[in-house]
Amino acid sequence: MEFAAADLTRIYIVRVDPGEDVLEAIQEFLQQARVQQAVVLGGYGTLVAYRLHWVTHDRLPTETVVRSGRGGFEILAMNGLVVDGQAHVHVALSTAEGAFGGHLEPGCIAYVLCELYLAEVGGVTLARPRVAVSVAGMGSGEISRLAFGRGRPEAGTTERSEP
């Protein structure tokens with residue numbers, strides 16, 4: 001386990017319009033706003049189509065499956081991180097039959113309403129290097145792991161020592 005404190009730089013509220021691809025809209029926002037790292041605090045709305053991926057077992061190396069569907073879906077929650085300008089977002093969706101979720105992929109198309117809010121952060125540098133791991137009972141493999149650096153703080157922030 002490792003952690004770092006970050007300084008809140010700015011909060012953004014983003015509206016994704018009907019018919020837009022949610023992940024593509026998020027990436028377009030990040031590029032236009034020049035946001036390199038942020039915390040996806042939440043999101044909600046509706047989708048006309050979804051495309052998600054999730055893991056299929058509990059061993060290393062990992063294996064994922066991608067599923068998609070069309071119809072009406074409620075977005076119950078969105079959260080994740082932006083690292084190096086790339087959004088990594090998970091969503092919880094529901095229908096009248098129940099809820100499910102996974103990792104947001106291109107192909108999630110906004111229906112009537114889709115809004116999310118992000119907090120841009122500074123004072124720490126986030127990265128996702130690929131590293132080899134070996135875990136008893138799970139096996140060995142390479143994973144993408146969040147890493148923290150003490151890069152140059154954003155303007156207006158103060159570098160602090162952590163307790």
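Points worth noting:
- For the chain, the relative contact order comes to 31 percent (Cα pairs under 8 Å, sequence separation of at least 6).
- The calculated 222 nm mean residue ellipticity attributable to helices in the chain amounts to -2500 deg cm²/dmol, summing -39500 (n - 2.57) over DSSP H runs of n ≥ 4 and dividing by all residues.
- Choice from Val65, Val112, Val40 with maximal GNM fluctuation in the chain (Cα, 10 Å cutoff): Val65
- Put a dot 7 Å past the Cα of Thr95, heading toward its Cβ, do the same for Val133, and the two dots end up 3.2 nm apart.
- Environment charge at Val133 (Cβ cut-off 9 Å; Lys +1, Arg +1, Asp -1, Glu -1): 0
- Here the Gaussian network model covers the chain, with springs between Cα atoms less than 10 Å apart; of Gly19, Gly42, Gly80, Gly19 fluctuates the most.
- Residue of Leu146, Leu60, Leu126 that the Gaussian network model of the chain assigns the largest fluctuation, springs spanning Cα pairs under 10 Å: Leu60
Read-outs throughout are calculated quantities, based only on the coordinates presented, and are distinct from any laboratory measurement. Computed from a prediction, not measured in an experiment: that's the story for all the values here. Every residue, glycine among them, receives a Cβ derived from its backbone with ideal geometry; neighbour counts consider all protein chains shown.
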